[in-house]
Amino acid sequence: SLSAQRDQTMFGGNGLRLSGFWFGGTTSMHFIDDDNDIFRGGHFAFEFNNNWLVGWSNFDISTPDWDLDSHGAFFGYSYNANSVVHPIFNISVANAKLSSEARQKDRVWTIVPAAGVELNVTRWFRLGMEAGYRFASDVETPGLTDADISGGFGTLRFRFGWSWK
């Protein structure tokens, strides 16, 4: 009966366990005012307990008036990730570099939540469609505001890797 009193730990049998590794690219369209530009990015993440993703992401947006280069933390959750089709929720948080046409450089914060569906095409390839909103803050570039950089987007995400469960 003493063996039933075993401690549960964060990285033990009942705690947080590494279950996979994923990386991939994204192609997105953002919707800001009348600009509907395509931008690209990528990510890599460690998978924990078959559902949680923790890693890094990036995206670069170029418009006629400004460029945004964002690299930061990536967190995700796949509900019922073993199903062929399942919902996925992501958020990225980054300190990004903003450059304007006047050659001004600025550091801004971006928080990018997104939600969508993911299709397990093969054991090592997943295809996702997501929609989200990019929140930008601390924009100090003359002629631009937080609202000019913030906006909605739609994403097609390609994820490669392995879940060893």
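The values are calculated or read from the model by the stated rules, or taken from the named source; none is laboratory data. Here the structure is a predicted model, which is why all the values come from computation and not from measurement. Cβ sites come from the backbone with ideal geometry, for glycine too, and all protein chains shown count toward neighbours. Ligands, DNA and RNA are excluded from the accessible area calculation, which covers all protein heavy atoms including side chains. Shrake-Rupley method; radii C 1.70, N 1.55, O 1.52, S 1.80 Å.
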> In terms of solvent-accessible area of protein heavy atoms at a 1.4 angstrom probe, what is the ranking of GLU101, GLU47, highest value first?
Replying inline: GLU101, GLU47
> Residue separation times 0.36 nm, minus the C-alpha to C-alpha distance between LEU127 and VAL54: what's the value?
Replying inline: 24.5 nm
> SER57: accessible area at probe 1.4 Å, nearest 10 Å²?
Replying inline: 10 Å²
> When only C-alpha pairs under 8 Å and at least 6 residues apart count, what is the relative contact order of the chain, in percent?
Replying inline: 21 percent
> How much of the accessible area of the stretch 19-163, probe 1.4 Å, is carbon plus sulfur, in whole percent?
Replying inline: 61 percent
> How much length is gained if the chain between PHE31 and PHE160 is pulled fully straight, taking 0.36 nm per residue apart and subtracting their Cα-Cα distance, in nm to one decimal?
Replying inline: 43.7 nm
>> Give me the one-decimal nm value for the distance between modelled label points at ILE91 and VAL117, 7 Å along each residue's Cα-to-Cβ direction.
In response: 2.5 nm
